[in-house]
Amino acid sequence: MSESVAPLLAATPPRPAPRPRVLYPLSLTINGVPHTLQVESSVSLLDLLRERLQLTGTKKGCDHGQCGACTVLVDGRRINSCLTLAVMQDGAQVQTIEGLADGDDLHPLQQAFIACDALQCGYCTPGQICSAQGLINEGKACNRDQVRELMSGNVCRCGAYPQITDAVMSVLESEQPLAAESPASEWVPGTVPA
Ligand code: FES
Ligand code: FES
């Protein structure tokens, strides 16, 4: 080692000790099953579901709230699970795609997506179906245009939008036959309730 470099190395400050992991208690009911967990505050609900609980039906697309692949239902409302920290949902009821079927009986939306051929690669499909259930829960969509608008947060790279709309409409019409005549509330184009 040359004499000119040695003083520089000697002056390098020691590395700081790694911070201790801080864990927070978290209680969630996921697909009807209660979970008591300890998580770091930075863990998203999406990562908790996929990495910790192996519920990999919920997909990670962009991880930035732009594709909708990670959509789940929290207390019946659809949210992008990549955009919420798990600790923010303490005490909540979470429903993922794994929780929609009743044993071997598929959920009506799952049946409709199959019947309408509303998927190609299927990567967006869990998010599309959870979002569609949230849309139906909201009671604001009454026709194809409103379904398309209010599902616009869910991107399908395969372009299966016409068939997705067919599938959602078929369930919407079977569950809310009078919706077109008496919408539950007004909606504003360009906005997606979240
Ligand atoms: Fe959450 Fe894309 S992964 S919106
Ligand atoms: Fe491939 Fe939607 S079916 S992204």
field: Under Karplus coefficients 6.51, -1.76 and 1.60, residue-wise ³J(HN,Hα) of region 125-141 in Hz, glycine/proline x
entry: 4, x, x, 4, 5, 5, 5, 5, 5, x, 4, 5, 4, 5, x, 9, 9
query: In a solvent-free Debye calculation with one equal scatterer on each Cα, what is log10 I(q)/I(0) for region 23-99 at q = 0.23 Å⁻¹, listed in the order of the q values?
result: -1.04
- request: For Ser44, enumerate residues with amide H under 5 Å from its amide H, sequence gap 5+ or separate chain, H modeled in the peptide plane.
  value: Ala86
- prompt: How large, in Å, is the chain by the Kirkwood hydrodynamic radius built from its alpha-carbon pairs?
  reply: 18.6
query: Relative to the longest principal Cα axis of the chain, at what angle does helix 161-175 sit, 0 to 90 degrees, rounded to 10?
result: 60
field: Ellipticity estimate at 222 nm from DSSP helix runs (n ≥ 4, -39,500 (n - 2.57)) divided over the chain, nearest 500
entry: -7500 deg cm²/dmol
- prompt: Under a GNM of the chain (C-alpha, springs under 10 Å), which listed residue has the highest mean-square fluctuation: Ala101, Ala69, Ala132?
  reply: Ala101
task: Give the range of the longest stretch in the chain that excludes all trypsin sites (Lys or Arg not before Pro) found in loop regions by DSSP and having at most 12 other beta-carbon atoms within 10 Å.
output: 22-156
message: Could you tell me which residue out of Pro13, Leu150, Leu83 lies farthest along the dipole of the chain toward its positive end? Charges go on the beta carbon: Lys and Arg +1, Asp and Glu -1, centred on the Cα centre.
response: Pro13
query: Under the definition of Cα pairs under 8 Å and six or more residues apart, what whole-number percent is the relative contact order of region 13-119?
result: 28
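Just so you know, all these numbers are worked out from the coordinates, no wet-lab data involved. Not measured: the values here are computed from a predicted model. Glycine also receives a Cβ, built like all others from the backbone with ideal geometry; neighbour counts cover every protein chain displayed.
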